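Participant: One structure, as structure tokens, below. Some questions next.
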Amino acid sequence: MKQSNTQTAAIYCRVAVKDDLAIDFQQQRLKQFSNGLGYDNHVYYTDNGASGTTLNRPALAELVSDIEKGEVKTIIVKSISRIGRRLVDVMKWLDKCRKANVKVIFMADTENPFLEQSYNDALAAALAKGGCRR
């Protein structure tokens, strides 16, 4: 049975090339996944047409600001590559979340659909996939 959660889940979406349909699809999948985890309230942070080679993106900056203000406790993201493509940047970002006691949940794109990853699991996954560049 799904347990109701009064906390709001922050949903972060990003595509490199502006594509409203891809963003809508990503948001819908993440909302459905989030609902399945018991999160009924969502705040969307969306970078549509933003490269993952830098963390200097408007919605990601807003999300970081909200983390620093203590307004975010759970973040749901499609995959680690949506945060960034540079391993060092992604790990610094994840470390900032960890220090702020923010839970980051990545939804896997594989046949094993939903996967919650810890900081160390995210590092291992990024290294294993080669999906993040230094």
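Participant: Given the conditions (1) in contact (Cβ under 8 Å) with a residue 12 or more places away in the chain; (2) of a type in the set (Gly, Ala, Ser); (3) outside any loop (DSSP other than H, G, I, E, B), report the number of the one that Gly52 does not fulfil.
Facilitator: Condition not satisfied by Gly52: (3).
Participant: Condition test on Asn112, is it at pLDDT 95 or above, farther than 18 Å from Thr8 by Cβ, in a loop (DSSP other than H, G, I, E, B) and out of contact with any Phe, Trp or Tyr (no Cβ under 9 Å at 6 or more places or on another chain)?
Facilitator: Details: at pLDDT 95 or above: no; farther than 18 Å from Thr8 by Cβ: yes; in a loop (DSSP other than H, G, I, E, B): yes; out of contact with any Phe, Trp or Tyr (no Cβ under 9 Å at 6 or more places or on another chain): yes.
Considered against the rule, which asks whether it is at pLDDT 95 or above, farther than 18 Å from Thr8 by Cβ, in a loop (DSSP other than H, G, I, E, B) and out of contact with any Phe, Trp or Tyr (no Cβ under 9 Å at 6 or more places or on another chain), Asn112 comes out as no.
Participant: Residue pairs, Cβ under 6 Å, 6 or more apart or interchain, first in region 83-106 and surrounded by fewer than 20 Cβ atoms within 10 Å (Cβ to Cβ), second among the aliphatic types (A, V, I, L, M) and modelled with pLDDT under 90. List them.
Facilitator: From residues that are surrounded by fewer than 20 Cβ atoms within 10 Å (Cβ to Cβ), the pairs are Leu87/Ala126.
Participant: If you don't mind, another one. Counting just the residues of region 29-42 that are hydrophobic (A, V, I, L, M, F, W, C) and under 10 Å from Lys78 (Cβ atoms), which one comes out surrounded by the most Cβ atoms within 10 Å (Cβ to Cβ)? Give the steps one after another, and end with the answer.
Facilitator: The first filter runs over region 29-42 and keeps only residues hydrophobic (A, V, I, L, M, F, W, C), leaving 30, 33, 37.
Adding the requirement that they be under 10 Å from Lys78 (Cβ atoms) leaves 30, 33.
Numbers: Leu30: 22, Phe33: 18.
Residue satisfying both the conditions and the ranking: Leu30.
Participant: Could I ask something else about it? Going through region 14-28 one residue at a time, which ones are out of contact with any Lys or Arg (no Cβ under 7 Å at 6 or more places or on another chain) and either assigned to a helix (DSSP H, G or I) or surrounded by 13 or more Cβ atoms within 10 Å (Cβ to Cβ) (or both)? First the steps, then the outcome.
Facilitator: So in region 14-28, the residues out of contact with any Lys or Arg (no Cβ under 7 Å at 6 or more places or on another chain) come out as 15-25, 27-28.
The answer is Val15, Ala16, Asp19, Asp20, Leu21, Ala22, Ile23, Asp24, Phe25, Gln27, Gln28.
Participant: Spot the failing condition for Ile11; the list is (1) in contact with a helix residue (DSSP H, G or I) (Cβ under 8 Å, 6 or more places away or on another chain); (2) assigned to a helix (DSSP H, G or I), and only one is missed.
Facilitator: Result: Ile11 fails condition (2) only.
Participant: Identify, by number, the condition in (1) crowded, with 18+ Cβ neighbours inside 10 Å; (2) at pLDDT below 90; (3) charged (D, E, K, R) that Lys78 doesn't meet.
Facilitator: (2)
The values are calculated or read from the model by the stated rules, or taken from the named source; none is laboratory data. Computed from a predicted model, the values in this text were never measured in an experiment. Cβ: placed from backbone, ideal geometry, glycine included. Neighbour counts: every protein chain shown.
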